[in-house]
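Colleague: Pasting a structure here, questions to come.
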Amino acid sequence: MIARHCRRRRHQEFLRFLKLIDAAVPKGLDLHLVLDNYATRKTPEIHKWLLRHPRFRLHSIPASSSWLNLRLLPHPSPTCPPKGRSPR
């Protein structure tokens with residue numbers, strides 16, 4: 001897991017975070033990022049960067065959705081077990 005806390009939620013901070021992920025993850029892997037529907041990811045600068053880095057796939061959840069709904073994704077993560085199963 002790669003995490004970073006920022007005081008502000010601007011496209012500049014989001015771009016720095018994308019670059020951090022890009023440097024930390026081996027180049028042969030595709031990256032699927034699940035994001036809230038916040039506007040920082042929709043700026044022209046972010047769009048241009050993502051076009052130059054096609055391994056990044058952004059998936060947004062609706063603003064009214066709960067993060068708990070991530071349990072419904074087809075590829076569960078170790079921190080989010082499938083419905084009806086407890087983490088080991």
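Colleague: Please go through the stretch 14-51 and pick out each residue that is surrounded by fewer than 14 Cβ atoms within 10 Å (Cβ to Cβ), outside any loop (DSSP other than H, G, I, E, B) and of a type outside the set (A, V, I, L, M).
Modeller: Of everything in the stretch 14-51, those that are surrounded by fewer than 14 Cβ atoms within 10 Å (Cβ to Cβ), outside any loop (DSSP other than H, G, I, E, B) and of a type outside the set (A, V, I, L, M) turn out to be R16, K19, H32, K42, P44, E45, H47, K48.
Colleague: Here's a follow-up. Can you name the residue in the stretch 22-42 that is closer than 18 Å to R52 by Cα and of a type in the set (D, E, K, R) and is also farthest from the chain's Cα centre (by Cα) among such residues?
Modeller: Going through the qualifying residues, I end up with K27.
Colleague: Between a first residue in the stretch 49-70 that is at pLDDT below 75 and a second residue that is not acidic (D, E), which pairs have beta carbons less than 6 Å apart while being 6 or more apart in sequence or on different chains?
Modeller: If the second residue must be not acidic (D, E), the pairs left are A63/N37; L70/C80.
The values are calculated or read from the model by the stated rules, or taken from the named source; none is laboratory data. Fair warning: this is a prediction, and the values are worked out from it, not measured in the lab. As a convention, Cβ positions derive from the backbone with ideal geometry for all residues, glycine included, and neighbour counts pool all protein chains shown.
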